[in-house]
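Asks: This is the structure I have questions about; it appears just below.
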Number of protein chains: 2
Amino acid sequence: MESKRLEGTNLYGVIMAGGRGTRFWPASRHSRPKQLLSILGDRSLLRHTVERLLPFLPAERILVVTGEDIAPAVRAQVPEIPPENLLLEPEGRNTAPCIGWAALHLRQHAGDPVMAVLPSDHFIQDPLEFGRLLEAAAAWAQQGNHLVTIAIRPTYPETGYGYIRMGTCSGRIRDVPIYRVDGFWEKPDSATAESFLRAGTFFWNSGIFVWKASTILNALARQLPELLEGLRRMQAALQKGETQEGAREFRNLAPISIDYGVIEKAEAVYAIQGEFGWNDVGSWTAVYTQSPKDASGNTCRGDLLAVEASGCLVDAPPDKLVALVGVKDLVVVDAGDALLICRLDRSQQVREVVERLKKDRDGQCL
Amino acid sequence: MESKRLEGTNLYGVIMAGGRGTRFWPASRHSRPKQLLSILGDRSLLRHTVERLLPFLPAERILVVTGEDIAPAVRAQVPEIPPENLLLEPEGRNTAPCIGWAALHLRQHAGDPVMAVLPSDHFIQDPLEFGRLLEAAAAWAQQGNHLVTIAIRPTYPETGYGYIRMGTCSGRIRDVPIYRVDGFWEKPDSATAESFLRAGTFFWNSGIFVWKASTILNALARQLPELLEGLRRMQAALQKGETQEGAREFRNLAPISIDYGVIEKAEAVYAIQGEFGWNDVGSWTAVYTQSPKDASGNTCRGDLLAVEASGCLVDAPPDKLVALVGVKDLVVVDAGDALLICRLDRSQQVREVVERLKKDRDGQCL
């Protein structure tokens, strides 16, 4: 793949790969979270995320923030990323500490570049269009203290996402219109989500952000000064080689999201409309929707024998025969030590299984 | 368990354990057929069959006819049966050759005893009542050239069984009434089965038979003379130590059932009404019906975590967690290399899976 570098912008990619999603149990585990799984296609979502960036960014300009304990698995999946570009959290503290650390790291080592903050566990159908919009967002972020977010036009009244109201158009850059953000709404109820969809001006918050390192650090200084101070103490400790002290400082940070802690309270937030087939792959149902299906509507990773079975998603080891007889609309996931069989429209309830394993079974199979 | 030997009768038990039932796939395999599985309780159906006899018969008077290839597994399950009491078929040839061989064997080694022919893969709830009726059947068989069968009062219009019409009562023995059999009907259609049930005089053919060795040999000589001649040649060869020649003779026998080949054409057939909670355990649905269930109607061998799941049968290794979410009325069988998920009311279609494995997949997982 030839690298068509983003011209005129000093851009870095910051991939957030510390999540521990529980909705893909039993395929996902604490030590093998969603972003490391090949649940769509033959590569992991993290690998897909990196490969989307490589045509535009050299590997040296990609940071990955992830958990210390899963670092070996992460390294194995993205071997081209230099080791010093992996920021290893001793524990997850949500997105604000993660992004703040990456920004401090960039200020120290790379001047004041633009940083594109990217979840590692989303699916994007059209990477070329994604690159085009990322380029525009970076150019806009470069021009001022702009916080830029990528907003997705909703296709149905999802209640699990945050929404952004698009305001007036502030202009165009590289032929891409830039909007002021008029407000944020966390997960709405069903009626509100319906009205958002009808209004046409409400978009999904994709969790993809673009800004200069100094811009987000200034915003953190205003909104979350204690968190920023903690991060600075951590950085100072790490620089002196005091890794335990650094880890202690990080563990003391309040776990808070960048949306709630900073973006929703900031003044100059801009949005670009991202139309590149975005999906946050939030459940087995989403995987089913995104996957190619056979004539009976079954999709299978593994060896399936279906007798009057339809609408099923099967994920099993390649050497295991899965026979379905007379069933429909099921999720079947065989992970060796654990087997899930779930109605396709109930895959959100997989979380309940994980909760019960924590609560009643001392963390069995987590 | 104290042996309360059947008095006054020279009785032998002949257990037919050569079947290769396919309806319990993937738990059952060609080399691990249904009778060797612990699908009900903690012992195999074969083991249950032997233990039902042991209070009445010493192990030396129990013969087991089974396949040569599964002989080690059979021996391991019934170690008290003397090795010379295992008759090993080189290939399955249905019940007439199996029973004929056992009868010739008994004539040669035990005079002319009464033999109770018993399938090895049925469930019987009340072994004491079973023993009482077996004793009566044996006494009646001892008194003459009587072919005696145990008939089961039908509880629903099953189309998969053979039916017997009960005729006049020929008398009582040990307080048990003995009926003449008025006719046989192979698997009826649904309307016929309904009318059989309403009539009240039609009973299920359990496949349990009692007769003297000489009685069945005489019947074979009349109805299947070629088969009997083949068996005699096999026996002569085996006696001379010509095991290959003996096997060749057995393989040349026509595969035919004792019902179709002999009983249905015989004159003096008698029946005893068996009311001892009989079930032929013909499918996973039957196992579900016979098994104790929890408050949600689930029955599990293994480690089940159910979230709003009901009416399911789960059979999985003890170290595998099976999580069911939002599903109902499913059969879930994890056999390591193969997994079956089947609607509870479709478990007869498991045969189709086996057929397709034979036809399209070169016998994979059979």
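Asks: If you take just the strands (runs of 3 or more DSSP E) that sit entirely in the range A:200-316, which of them hold at least 3 residues that are at negative phi and either buried (at least 20 other Cβ atoms within 10 Å of the Cβ) or out of contact with any Ser or Thr (no Cβ under 7 Å at 6 or more places or on another chain) (or both)?
Replies: A:202-212, A:269-273, A:303-307, A:313-315
Asks: Here's a follow-up. For the range A:333-348, enumerate the residues that are free of Cβ contacts under 8 Å to residues at least 60 places away in the same chain and either more than 7 Å from every other protein chain (Cβ to nearest Cβ) or surrounded by fewer than 18 Cβ atoms within 10 Å (Cβ to Cβ) (or both).
Replies: Of everything in the range A:333-348, just one residue is free of Cβ contacts under 8 Å to residues at least 60 places away in the same chain and either more than 7 Å from every other protein chain (Cβ to nearest Cβ) or surrounded by fewer than 18 Cβ atoms within 10 Å (Cβ to Cβ) (or both), namely A:GLY336.
Asks: What number of residues in the range B:19-38 are among the aliphatic types (A, V, I, L, M) and without any contact (Cβ under 8 Å) to a residue 24 or more places away in the chain?
Replies: 1
Asks: Do we find that B:LEU134 is assigned by TED's automatic domain parsing to the domain that holds B:LEU53, outside any helix (DSSP H, G or I) and in contact with a strand residue (DSSP E or B) (Cβ under 7 Å, 6 or more places away or on another chain) in this structure?
Replies: No.
Asks: Would you check if there is a residue in the range A:353-365 being of a type in the set (Val, Ile, Thr), within 9 Å of another protein chain (Cβ to nearest Cβ) and in a strand (DSSP E or B)?
Replies: No, because not a single residue in the range A:353-365 is of a type in the set (Val, Ile, Thr), within 9 Å of another protein chain (Cβ to nearest Cβ) and in a strand (DSSP E or B).
Asks: Can you pull out every residue in the range B:160-173 that is more than 16 Å from B:HIS146 (Cα to Cα) and loosely packed, with under 14 Cβ neighbours inside 10 Å?
Replies: Within the range B:160-173, B:GLY160 is the sole residue that qualifies.
Asks: For A:LEU330, only one of the following conditions fails: (1) among the hydrophobic types (A, V, I, L, M, F, W, C); (2) surrounded by fewer than 20 Cβ atoms within 10 Å (Cβ to Cβ); (3) facing another protein chain (nearest Cβ under 8 Å). What is its number?
Replies: (2)
Asks: Something else: Got a number for residues in the range A:317-327 being in contact with a Gly (Cβ under 8 Å, 6 or more places away or on another chain) and facing chain B (nearest Cβ under 7 Å)?
Replies: Number satisfying all stated conditions: 2.
Asks: Among the residues of the range A:257-271, is there at least one that is within 7 Å of chain B (Cβ to nearest Cβ) and modelled with pLDDT of 95 or more?
Replies: No, because not a single residue in the range A:257-271 is within 7 Å of chain B (Cβ to nearest Cβ) and modelled with pLDDT of 95 or more.
Asks: Are any of the residues in the range B:72-84 basic (Lys, Arg) and surrounded by 17 or more Cβ atoms within 10 Å (Cβ to Cβ)?
Replies: no
Asks: Let me ask something else. Inspect the range B:177-191 for any residue being in contact with a Pro (Cβ under 9 Å, 6 or more places away or on another chain), in a helix (DSSP H, G or I), in contact (Cβ under 8 Å) with a residue 12 or more places away in the chain and farther than 20 Å from B:TYR270 by Cα and give the result as yes or no.
Replies: Yes: the range B:177-191 contains one or more residues that are in contact with a Pro (Cβ under 9 Å, 6 or more places away or on another chain), in a helix (DSSP H, G or I), in contact (Cβ under 8 Å) with a residue 12 or more places away in the chain and farther than 20 Å from B:TYR270 by Cα.
Asks: In the range A:73-83, what residues are free of Cβ contacts under 8 Å to residues at least 24 places away in the same chain and either farther than 11 Å from A:ARG61 by Cα or under 18 Å from the mean Cα position of the chain (by Cα) (or both)?
Replies: A:ARG75, A:ALA76, A:PRO79, A:PRO83
Asks: Return the residues of the range B:300-316 that are more than 27 Å from the chain's Cα centre (by Cα) and more than 9 Å from chain A (Cβ to nearest Cβ); say none if nothing qualifies. Walk me through it before giving the result.
Replies: At the first step, the residues of the range B:300-316 found to be more than 27 Å from the chain's Cα centre (by Cα) are B:303-311.
Within the range B:300-316, B:LEU304, B:ALA306, B:SER310, B:GLY311 meet the criteria.
Asks: Here is a follow-up. Answer yes if at least one residue in the range B:278-295 is touching a helix residue (DSSP H, G or I) at 6+ places or on another chain (Cβ under 7 Å), farther than 30 Å from B:CYS342 by Cβ and touching a residue at least 24 places away in the same chain (Cβ under 8 Å), and no otherwise.
Replies: no
Asks: Still on this structure, I have one more. Every residue in the range B:170-214 that is charged (D, E, K, R) and either at pLDDT 95 or above or over 22 Å from the mean Cα position of the chain (by Cα) (or both), please.
Replies: Correct list: B:ARG172, B:ARG174, B:ASP175, B:ARG180, B:ASP182, B:ASP189, B:GLU194, B:ARG198, B:LYS212.
Asks: Looking at the range A:107-118, can you tell me whether even one residue there is more than 20 Å from the chain's Cα centre (by Cα) and free of Cβ contacts under 8 Å to residues at least 12 places away in the same chain?
Replies: From the range A:107-118, those more than 20 Å from the chain's Cα centre (by Cα) are A:107-113; that's our starting set.
With free of Cβ contacts under 8 Å to residues at least 12 places away in the same chain added as a condition, the list becomes A:109.
Taking every residue of the range A:107-118 in turn, at least one turns out to be more than 20 Å from the chain's Cα centre (by Cα) and free of Cβ contacts under 8 Å to residues at least 12 places away in the same chain.
The values are calculated or read from the model by the stated rules, or taken from the named source; none is laboratory data. Computed from a predicted model, the values in this text were never measured in an experiment. Positions of Cβ are backbone-derived with ideal geometry, glycine not excepted, and every protein chain shown enters the neighbour counts.
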